[in-house]
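*Asks:* Starting off with a structure, shown below.
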Amino acid sequence: MPVSNVLNLAILISGSGTTLQNLIDKINDKTLNANIQIVISSAPDTYGVKRAEQNNIPVSIVQRKGFNNSEIFSNTIINEIEKYSVDLIILAGFLHLFKIPDKYTGKAMNIHPGLIPSFCGKGYYGHHVHEAVIESGAKVSGCTVHFVDNEYDCGPIIIQRVVQVHEDDSPETLAQRVFKEECIAYPEAINLFAEGRLKIEERKVRILNQ
């Protein structure tokens with residue numbers, strides 16, 4: 001059942017845009033009631049930028065190397081976002097520390113390809129997470145959707161989904177199974193936000209009944 005409130009999204013990317021494509025697909029099949037107002041990429045020549053352009057979504061390029069510190073970098077991104085009407089900021093494979101103003105607390109989400117608080121933080125992204133999981137001998141992994149604060153992978157957790165780690169897994173095979181769960185978890189979290197069902201209580205997120 002589609003949600004009643006259409007959310008306006010800003011999506012931040014750094015790479016191929018697979019998560020962006022998942023959200024585009026969910027919007028197109030009417031299971032995610034949202035509009036993508038702007039895609040902001042930290043790199044100019046990524047396939048994620050092409051995905052946005054192919055879907056007629058405005059794109060802004062904000063490269064991290066052009067700024068002395070993360071505050072100025074983040075403020076430049078916020079300035080781009082505020083050219084549009086945006087309800088929720090979505091980090092989708094965005095590799096840089098993004099510091100949000102207080103007014104965006106509880107209005108920015110990220111997805112991590114691991115079960116926070118394990119295998120997360122600076123340097124833990126993409127295949128690095130899956131390599132570390134396999135090397136540790138962990139029996140399960142998964143993905144985590146969380147609200148963004150001003151530290152890497154540290155905000156209150158909204159949803160986690162779990163996969164088994166197989167003895168013969170490579171980082172690539174594990175990544176494929178985790179990504180399937182990401183494709184479920186992120187739209188679910190966004191829909192819960194649209195329905196007003198996410199309440200942050202200190203370090204925890206309570207999902208309210210409808």
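Derivation of every value follows stated rules applied to the coordinates shown; laboratory data play no part. Here the structure is a predicted model, which means the values were calculated and not measured. Cβ sites come from the backbone with ideal geometry, for glycine too, and all protein chains shown count toward neighbours.
*Asks:* To check you understand DSSP bridge types, tell me what percent of the beta bridges within the chain (both residues inside) are antiparallel, rounded to 5. Can you show the working numbers first?
*Replies:* On the way: 15 of 33 bridges.
Percentage antiparallel, nearest 5: 45.
*Asks:* For the range 161-210, which trypsin sites (Lys or Arg not before Pro) are in a loop by DSSP, counting at most 11 other Cβ atoms within 10 Å?
*Replies:* Numbers: sites: 161, 177, 180, 197, 199, 203, 204, 206; in loops: 197, 203.
Answer in residue order: 203.
*Asks:* Can you compute the helix-only [θ] at 222 nm over the chain? Use -39500 (n - 2.57) per DSSP H run of at least 4 residues, normalise by all residues, nearest 500 deg cm²/dmol.
*Replies:* Details: 5 runs with 65 residues, N = 210.
Dividing the helical sum by the residues of the chain leaves -10000 deg cm²/dmol.
*Asks:* Can you tell me the length gained on complete extension of the stretch residue 8 to residue 131, counting 0.36 nm per residue apart and subtracting the Cα distance?
*Replies:* Computed gain between residue 8 and residue 131 is 40.8 nm.
*Asks:* Would you mind classifying the range 1-71 by shape? Square roots of the alpha carbon gyration tensor eigenvalues, ordered a ≥ b ≥ c; an a/c under 1.5 is rounded, otherwise it is prolate if a/b is larger than b/c and oblate if not. Walk me through the numbers before you get to the answer.
*Replies:* Values: a/c = 2.83, a/b = 1.87, b/c = 1.51.
In terms of gyration-tensor shape, prolate.
*Asks:* Compute the relative contact order of the chain as a whole-number percentage, counting only Cα pairs closer than 8 Å that sit 6 or more residues apart in sequence. The partial results should precede the final answer.
*Replies:* Numbers: 402 pairs, mean separation 38.7, N = 210.
Answer for the chain is 18 percent.
*Asks:* Also, I was wondering about something else. Would you grab the residues whose amide H sits under 5 Å from the one on residue 165? Only those 5+ places off in sequence or on another chain, please, with H modelled 1.01 Å from N.
*Replies:* Counting only residues 5 or more places away or on other chains, the set is 140, 141.
*Asks:* Still on this structure, please answer the following. I need the calculated FRET efficiency for the pair residue 56 and residue 206, taking r as the beta carbon distance and R₀ as 45 Å, to the nearest 0.05. Don't skip to the answer; put the middle values down first.
*Replies:* Working: r = 37 Å, r/R0 = 0.83.
According to the calculation, E is roughly 0.75.
*Asks:* Percent of alpha carbon pairs in the range 62-132 separated by more than 19 Å? Please report the intermediate quantities before stating the final value.
*Replies:* Values: 1037 of 2485 pairs.
Counting every Cα pair in the range 62-132, those more than 19 Å apart make up 42 percent.
*Asks:* Restricting attention to the range 35-130, which trypsin sites (Lys or Arg not before Pro) occupy a DSSP loop and are surrounded by at most 11 other Cβ atoms within 10 Å? Before the final figure, lay out each step's value.
*Replies:* On the way: sites: 50, 51, 64, 65, 83, 99, 103, 107, 122; in loops: 83, 99, 107, 122.
Hits after loop and neighbour filter: 122.
*Asks:* Given the options 121, 100, 152, identify the residue whose Cα lies farthest towards the positive end of the charge dipole of the range 63-210 (+1 on Cβ of Lys, Arg; -1 on Cβ of Asp, Glu).
*Replies:* 100
*Asks:* At R0 = 22 Å, how high is the FRET efficiency between residue 29 and residue 197 if r is their beta carbon distance? Nearest 0.05 is fine. Intermediate values should be presented prior to the final figure.
*Replies:* On the way: r = 22 Å, r/R0 = 0.98.
Calculated transfer efficiency: 0.55.
*Asks:* Over 28 Å apart: what share of the alpha carbon pairs of the chain falls there, rounded to a whole percent?
*Replies:* Details: 5306 of 21945 pairs.
Percentage above 28 Å: 24.
*Asks:* What full-extension length gain, to one decimal in nm, is calculated for residue 43 and residue 139 as 0.36 nm per residue of separation minus the Cα-Cα distance?
*Replies:* Values: separation 96, 0.36 × 96 = 34.56 nm, distance 3.49 nm.
Full extension of this stretch gives 31.1 nm more.
*Asks:* Another question, if that's okay. What shape does the range 40-82 take by its C-alpha gyration tensor, where a ≥ b ≥ c are the square roots of the eigenvalues and a/c under 1.5 counts as rounded, a/b above b/c as prolate, and the rest as oblate?
*Replies:* Values: a/c = 4.40, a/b = 1.76, b/c = 2.50.
In terms of gyration-tensor shape, oblate.
*Asks:* With +1 on each Lys and Arg Cβ and -1 on each Asp and Glu Cβ, and nothing else charged, work out how big the dipole of the chain is about its Cα centre, in Debye to the nearest 20.
*Replies:* Working: 20 positive and 24 negative charges, 93 e Å.
The dipole magnitude comes to about 440 debye.
*Asks:* Report the FRET efficiency, 1/(1 + (r/R0)^6), for residue 71 and residue 160, where r is their Cβ-Cβ distance and R0 is 35 Å, rounded to 0.05.
*Replies:* Values: r = 30 Å, r/R0 = 0.86.
Working from the Cβ atoms, E equals 0.70.
*Asks:* Counting other Cβ atoms within 10 Å of each Cβ, which GluC sites (Glu not before Pro) in the range 161-210 have at most 11 and sit in a DSSP loop? Show your work: numbers first, answer last.
*Replies:* On the way: sites: 167, 172, 181, 182, 188, 195, 201, 202; in loops: 167, 195, 202.
Those satisfying the criteria are 167, 202.
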